[in-house]
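Read the structure below first, then the notes.
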Amino acid sequence: MMNTIDSVFGIAGTALNSQLVRMNTTASNLANAATVASSEKDAFRAKRPVFKALLDEASTNAAFPTEGGVKVDHIADDPTPIRSLYDPSNPAADKDGMVYLSNVNEMQEMVEMMASSRSYQNNVEVVNTAKQLMSRTLDLTKA
Amino acid sequence: MAMNIFNDAFGIHERALQVRSQRLEVLAKNIANADTPNYKAQDVDFKAMLQESKKEYMTATNDKHFAGIEEGPDNGMRYRIPFNNSFDGNTVEISVEQAQFGKAAGDYQATLQFLQDRIGGIRKALKGE
């Protein structure tokens, strides 16, 4: 039987990793909030990572058990419609003088950033607690 | 007779520590999947799991053995019933999980303390002071 305290580190690690990806996409969305494009197809769409639980033991590394953790399944585009703006002086404007703005909602991205930061902190706390319990278990030899 | 002191030295606490660390793992899974769509939070039925760890099932050690009646072992896992439903089908409520994780960590330390006391007692007996 494997040491279960050990796998807590692996599980929390996958969560830290996934939350970091989420924070990265949020940063990318915020950075591209003011991006304009010449066509609706090329307009920047906000990215959202979709998480998936790691339930399959085969998909995890035997030396570093992460079964029950989480991974980023794929990154989806936000389906919110693209806004267009009449701005003929913009170098990116098309023949009708329209530019296409990104569909990033800054307010929503800030909320997303806070949520992922909280989730990250939760998992750091899990690692801390597991670390303390492990070292206390080792201290049993000194009893 | 004398060997019993060592065989049963830790009593129930040895198994209890295993179950407690398993519960910590389950709660860590819940916290890790707090943002995963359709993830269903789980918890450990401590009593069922401890009883399960005591049971010994008959196993076929020779290919001439008959297959026993398959009685699926109860692994003690239960799905949590959330207080509120969420849009994405996730049943992890982070405040509940945090509270339970704190309690589980405390329980683990309590079991450790029991074990430590047992070890101290045996050590004292061995020294004969």
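Below, the figures for the structure above:
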quantity: Of all residues in segment A:85-115 being among the small types (Gly, Ala, Ser) and touching a strand residue (DSSP E or B) at 6+ places or on another chain (Cβ under 9 Å), the one that is farthest from residue A:32 (Cα to Cα); calculated: A:97
quantity: Of residues in segment A:110-121 being closer than 13 Å to residue A:13 by Cα and touching a residue at least 40 places away in the same chain (Cβ under 8 Å), the one surrounded by the fewest Cβ atoms within 10 Å (Cβ to Cβ); calculated: A:120
quantity: Close pairs (6 angstrom Cβ cut-off, 6 or more residues apart or separate chains): more than 9 Å from residue A:4 (Cα to Cα) in segment B:20-32, assigned to a helix (DSSP H, G or I) and of a type in the set (Val, Ile, Thr) anywhere; calculated: B:20/B:111; B:28/A:8; B:28/A:11; B:28/A:126; B:29/A:11; B:31/A:126; B:32/A:11
quantity: Which listed residue is more than 30 Å from residue B:114 (Cα to Cα) and out of contact with any His (no Cβ under 7 Å at 6 or more places or on another chain), from A:130, A:115; calculated: A:115
quantity: When residues of segment B:104-129 are limited to those that are over 14 Å from residue B:19 (Cβ atoms) and among the polar types (S, T, N, Q), the one farthest from the other protein chains (Cβ to nearest Cβ); calculated: B:113
quantity: Positions within segment B:84-103 being of a type in the set (Ser, Thr, Tyr), surrounded by fewer than 17 Cβ atoms within 10 Å (Cβ to Cβ) and away from every other protein chain (no Cβ under 11 Å), in sequence order; calculated: B:86
quantity: Members of segment A:121-139 that are farther than 19 Å from residue A:23 by Cα and of a type in the set (Val, Ile, Thr); calculated: A:126, A:127, A:129, A:137
quantity: Any chance residue B:88 is acidic (Asp, Glu) and outside any helix (DSSP H, G or I); calculated: yes
quantity: Selection count where residues are among the aliphatic types (A, V, I, L, M), in contact (Cβ under 8 Å) with a residue 40 or more places away in the chain and surrounded by fewer than 18 Cβ atoms within 10 Å (Cβ to Cβ), scope segment A:87-109; calculated: 3
quantity: Residues of segment A:18-36 classified as more than 16 Å from residue A:77 (Cα to Cα) and surrounded by 18 or more Cβ atoms within 10 Å (Cβ to Cβ), total; calculated: 3
quantity: Flag if residue B:50 is under 29 Å from residue B:94 (Cα atoms) and modelled with pLDDT under 85; calculated: yes
quantity: Sole exception among (1) under 16 Å from residue A:36 (Cβ atoms); (2) loosely packed, with under 13 Cβ neighbours inside 10 Å for residue A:128, by number; calculated: (1)
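The values are calculated or read from the model by the stated rules, or taken from the named source; none is laboratory data. The structure presented is a predicted model; accordingly, all values stated were derived computationally and were not measured. As a convention, Cβ positions derive from the backbone with ideal geometry for all residues, glycine included, and neighbour counts pool all protein chains shown.
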